[in-house]
1. Would you point out the residue of the range 285-304, among those that are loosely packed, with under 15 Cβ neighbours inside 10 Å and acidic (Asp, Glu), that is nearest to VAL251 (Cα to Cα)?
2. Which condition number does ASN207 fail, the rest of (1) surrounded by 23 or more Cβ atoms within 10 Å (Cβ to Cβ); (2) in a helix (DSSP H, G or I); (3) of a type outside the set (Gly, Ala, Ser) being met?
3. Condition first: buried (at least 23 other Cβ atoms within 10 Å of the Cβ) and not in a strand (DSSP E or B). Now tell me which residues in the range 210-223 satisfy that.
4. GLY190 - would you say it is in a loop (DSSP other than H, G, I, E, B), closer than 20 Å to ASP303 by Cα and at pLDDT below 95?
5. Out of everything in the range 148-163 that is free of Cβ contacts under 8 Å to residues at least 40 places away in the same chain and over 11 Å from ASN188 (Cα atoms), what residue ends up being surrounded by the most Cβ atoms within 10 Å (Cβ to Cβ)?
6. Determine whether GLY68 is over 16 Å from the mean Cα position of the chain (by Cα), without any contact (Cβ under 8 Å) to a residue 24 or more places away in the chain and under 25 Å from ALA186 (Cβ atoms).
7. So which residues in the range 130-147 are within 14 Å of PHE73 (Cα to Cα) and surrounded by fewer than 19 Cβ atoms within 10 Å (Cβ to Cβ)?
8. Out of the residues in the range 273-284 that are surrounded by 15 or more Cβ atoms within 10 Å (Cβ to Cβ) and within 28 Å of the chain's Cα centre (by Cα), state the one that is nearest to VAL299 (Cα to Cα).
Amino acid sequence: MKGVPYFVSSGQEPFRPEPAGARDRTLRDGQLLDAYSEAVIHATEMVYPSVIKIAALVKSRRGTTRLGGGSGFIFTPDGFILTNSHVVHDAAGVEVKLGDGRTFLADLIGDDPETDLAVLRINGSGFPYSSLGDSKILKVGQLVIAIGNPYGFQCTVTAGVISALGRSIRSQNGRLIDNIIQTDAALNPGNSGGPLVSSLGEVIGVNTAIILPAQGICFAIPSQTAKYVASLLIKEGRIRRAFIGIGGQNVELPQQLVRSHDLAVSSGILVITVEPGSPAERAGLREGDILVAYDEQPVPGIDELHQLLTGSQIGLETSVTVIRHREKHNLVIIPRESPQ
């Protein structure tokens, strides 16, 4: 018989030999699966104890009732918790349940709708906590794990990859949140505020949004933004920001352009939108400009610009440097206070 030979063993189905290398390939696939599983298990075991379930409490004629809920995680041993602003905003009280079953009433330290982040605190010490990693070094395609409480199912684990970086989404108050992580790790209502975790067991994002009815398009606030916002909320209870009125995304700059203008950065912020009547419009910023410096400080990305737009900048004449049609321009801008 022409073609691939086959052999018949008495009383058995025909035996067809595996193609050359098939067994080695099967073994390699098994080893990859084991490595993948081990990475997910290891990261989950590191972060899982710090993940909490959140119930927002509201007052009604019948007393205090639970309205909605979400997720969060403890990020310090003395009980500070990160979650989403939209999970706890305007709640009369917040109840949190730890993975070991303990329940606490949490104090709202502060929330920031513009980044959809909030900080809570529960009384006590020695709580299991998870460290915030460095979201600046993330790569598209990198393995990530999401842990949360979708539809009330406590501490559910899903895994996927980073689908894209530098996305922009709108918060519930209508303002753009920039530099968002996009992932295909499955998120559902109730995952909001839970951690997005790297294979090293570090929290590199705070899960915040999904697109319905799309599948596999989910978003998280990067950990670098969470660190900055959380530190200010703990210190002051709110964030007073300067506002210039642009929306943008991080972009790499051609090396020739960096050298020709002797720039201190190799990346900047591509201006996608300029709000009408904003300080940016008055200063002459345009869509398509690449912002590379603010107040004479290098600005390689959106997180760095946010850190410079502090309350102390409000009302002050400030220099801003942009690249426009490959030429460098210095403009003067007067930020105003960002609306709460």
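1. Among residues in the range 285-304 that are loosely packed, with under 15 Cβ neighbours inside 10 Å and acidic (Asp, Glu), the one nearest to VAL251 (Cα to Cα) is GLU287.
2. (2)
3. Hit for the range 210-223 is SER223, nothing else.
4. no
5. Looking at the filtered set, the residue picked out is ILE162.
6. Working: over 16 Å from the mean Cα position of the chain (by Cα): yes; without any contact (Cβ under 8 Å) to a residue 24 or more places away in the chain: yes; under 25 Å from ALA186 (Cβ atoms): yes.
Taking the combined requirement at face value, the residue satisfies it.
7. Of everything in the range 130-147, just one residue is within 14 Å of PHE73 (Cα to Cα) and surrounded by fewer than 19 Cβ atoms within 10 Å (Cβ to Cβ), namely SER131.
8. If we take residues in the range 273-284 being surrounded by 15 or more Cβ atoms within 10 Å (Cβ to Cβ) and within 28 Å of the chain's Cα centre (by Cα), then ALA280 is nearest to VAL299 (Cα to Cα).
The values are calculated or read from the model by the stated rules, or taken from the named source; none is laboratory data. What you see is a predicted model; the values in this text were computed from it and never measured. All Cβ positions, glycine included, derive from the backbone under ideal geometry; neighbour counts span all protein chains shown.
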